[in-house]
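Notes for the one structure printed next.
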Amino acid sequence: MADEIATLISSAGLTNETFLVLCVIAVIVIGAIVVIITSRPILDIYPYLTPSASVRARKGRLFDEKQLSEIVETNNVHEFENYLKGVPDYADVLEEYPVDKALDIQCADTYEFVARIAPKEIRSSFVVMSKKTDINNIKSLLTAKEVGLTEEETEDLLIPRGVLYEDLRSLIDADGVTDVVTSLDGTEYAAVLEDALPKYENSGMVLALESALDKYYLESLLRSSNVPADENKQILFSYVGTQVDIANLKLIIRAKKDNLSYDDIAPYILEDGYQLREWKLKDLMESPDVTNLISGLEGTKYSDVLTDAMAKYNENASIAVFEKALDAYLSKSAKSLSMKKPLGIGPIIGYVSQKETEIKNLKIIARAKREAGFPNSKIMEMLI
């Protein structure tokens, strides 16, 4: 056998030493291929290990159902605040700010935290989410100027977070809405607000400016996640896309309740939605009323969600039942997505969604506790 191998090597014009070198190289190449194949899953998971551990630690501090029930059972807003002051996540900020502002700060801090720790490949979407703080502060400033609040009242509305906080704080003495818009020249929101300014000047209502900001936010969010995707990015796009669809639906439902026409609604809708594409959104905007709008959703994943809420809507004619149903659906959808990639983006999405829901629920409780005698059973019904 050895003689046959030697003969083959000689017939190939190779020396024994050359053949051995080639064998070694072949082993190294095959070994490298095996290492790459076997290590690829580890390399995909590695960027998410530290962020996942960080959000899991914070997730463990979220209120469970028992704690939420205890908060609902508090007798008034003072007791409600004292309960939160006993929770480390809320204690420090409540020492300095009133409860509603403290909750907004907690939400802003959550977005900033996740944007800071998220792996590079998905970070842009969470950076966009963190811009909600600046957008909400701009809206507050515009509203304050529209209704003529004092400088002190205006400053109370601003959340001391976000990239533009100090710039916006310097505008609390601006002469009016137009002055605020022109003073934002050089920011990413300048063009959006300037394009919407004529509508504001014609109507005298800041709704046009606020809606333009909302649309810009959703466009930025969808664009940040709509990229060539691995499984983590696909999950992120599904999460972001569902948020866009729900924002569109909430706006259309409110518009139909107010008997607004397609032309009234269209400028504020993000046509490039997720499951609700342009043609479907057009049909919904052309619906004569809320009932027909809900019927028009048949065949989409939002149909059952809103159809189930129709009975309550028929009882009280409040679109709040639809908004609650959509918020609950988003929370449920995020929970489902978070379980698909437990060693990837899943824990991050799960934490962000649960923290948003917690803060929304705490705001609901805070508002209810300000009304003497508001039934606890009614509060529980209102929670997401």
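So for each of 117-123, 209-215 I average, over its residues, the number of other beta carbons within 10 Å; can you give me the resulting order with the highest mean first?
With the highest mean Cβ count within 10 Å placed first, the list reads 209-215, 117-123.
Treating the range 109-257 as a set of equal point scatterers at the Cα positions, no solvent, please give the Debye-formula log₁₀ I(q)/I(0) at q = 0.10, 0.17, 0.18, 0.20 Å⁻¹.
At q = 0.10, 0.17, 0.18, 0.20 Å⁻¹ the computed log10 ratios are -0.39, -1.03, -1.11, -1.25.
For the range 324-337, just list the computed ³J(HN,Hα) in residue order, Karplus coefficients 6.51, -1.76 and 1.60, θ = phi - 60°, integers in Hz, with x standing in for Gly and Pro.
Using θ = phi - 60°, the values come out as 5, 4, 5, 4, 5, 5, 4, 5, 5, 5, 5, 4, 5, 5 Hz.
The range 72-168: D in µm²/s via Stokes-Einstein (Kirkwood Rh, Cα pairs, 20 °C, 1.002 mPa s)?
Estimated via Stokes-Einstein, D reaches 144 µm²/s.
Taking H as built 1.01 Å from N, whose amide H comes closer than 5 Å to the amide H of ILE345, not counting residues under 5 places away?
Amide H neighbours of ILE345, under 5 Å, 5+ apart: none.
So how tilted is helix 207-225 from the main axis of the chain? Cα-based, degrees 0 to 90, rounded to 10.
Between the helix axis and the principal axis of the chain, the angle is about 10 degrees.
Could you order peptides 367-374, 344-351, 276-283 by the average number of other Cβ atoms within 10 Å of their residues, highest first?
Final packing ranking: 344-351, 276-283, 367-374.
Two decimals, Cα atoms only, Kirkwood Rh: what is Rg/Rh over the range 172-231?
We get a ratio of 1.13 for the range 172-231.
Considering only protein heavy atoms and a 1.4 Å probe, what is the carbon-and-sulfur percentage of the accessible area of the chain?
For the chain, the apolar C and S fraction of the accessible surface comes to 54 percent.
What's the angle, to the nearest 10 degrees (0 to 90), between helix 346-369's Cα axis and the longest principal axis of the chain?
So the helix axis and the longest Cα principal axis differ by about 10 degrees.
Charges at C-beta only: +1 for Lys and Arg, -1 for Asp and Glu. How large is the resulting dipole of the range 77-162 about its Cα centre, in Debye rounded to 20?
It comes to approximately 680 debye.
Can you list the lysines whose alpha carbon sits under 21 Å from that of LYS199, skipping same-chain ones fewer than 8 residues off?
LYS139, LYS145, LYS215, LYS256
Taking only Cα atoms of the range 274-384, what ratio of Rg to Rh do you get with Rh as the Kirkwood inverse-distance radius?
1.04
Quote the FRET efficiency, to the nearest 0.05, computed for GLU271 versus ASP230 with a Förster distance R0 of 35 Å and r equal to the Cβ-Cβ distance.
After rounding, the FRET efficiency stands at 0.80.
In whole Hz, with x marking every Gly and Pro, tabulate ³J(HN,Hα) for the range 124-137 from phi via Karplus 6.51 cos²θ - 1.76 cosθ + 1.60, θ = phi - 60°.
With coefficients 6.51, -1.76 and 1.60, one gets 4, 5, 6, 5, 4, 4, 5, 6, 3, 5, 4, 5, 5, 5 Hz.
Kindly flag which residue pairs out of LYS66/LYS335; LYS101/LYS360; LYS131/LYS233; LYS120/LYS363 have an alpha-carbon separation exceeding 23 Å in this structure.
Too far apart for the 23 Å limit: LYS120/LYS363.
Could you list which residues have their amide H under 5 Å from that of TYR274, counting only those 5 or more apart in sequence or on another chain, with H placed in the peptide plane?
So TYR274 has HN proximity to ASP245.
Please state the equivalent ellipsoid semi-axes for the range 204-331: what are the square roots of 5 times the Cα gyration tensor eigenvalues, largest first, in whole Å?
Semi-axes, largest first: 24, 19, 13 Å.
Average projected area of the Cα convex hull of the chain, in nm²?
The number I arrive at for the chain is 28.9 nm².
How far is it, in nm, from the label point at LYS332 to the one at TYR83 when both lie 7 Å from their Cα along the line to the Cβ?
2.5 nm
Let me know the charge dipole size of the range 155-258 about its Cα centre in debye, to the nearest 20, where only the beta-carbon of Lys, Arg (+1) and Asp, Glu (-1) is charged.
I would put it at about 680 debye.
Evaluate the distance, in nm, between pseudo-label points positioned 7 Å from the Cα of GLU73 and of ALA191 along their respective Cα→Cβ axes.
Taking the two extended label points, one gets 5.6 nm.
Can you run phi through the Karplus equation (6.51, -1.76, 1.60; θ = phi - 60°) for the range 47-53 and list ³J(HN,Hα) in whole Hz, with x for Gly and Pro?
Taking θ as phi minus 60°, the curve returns x, 9, 4, 5, x, 5, 5 Hz for the range 47-53.
For the range 164-246, with every protein chain kept in place, what is the accessible area per residue (1.4 Å probe, Å²)?
45 Å²
The values are calculated or read from the model by the stated rules, or taken from the named source; none is laboratory data. Everything quoted here is computed from the prediction, not taken from an experiment. With ideal geometry, Cβ positions are generated from the backbone for all residues, glycine too; neighbour counts draw on all protein chains shown. Each accessible area value is taken on the protein alone, full model and side chains, heavy atoms only, with ligands, DNA and RNA left out. Shrake-Rupley method; radii C 1.70, N 1.55, O 1.52, S 1.80 Å.
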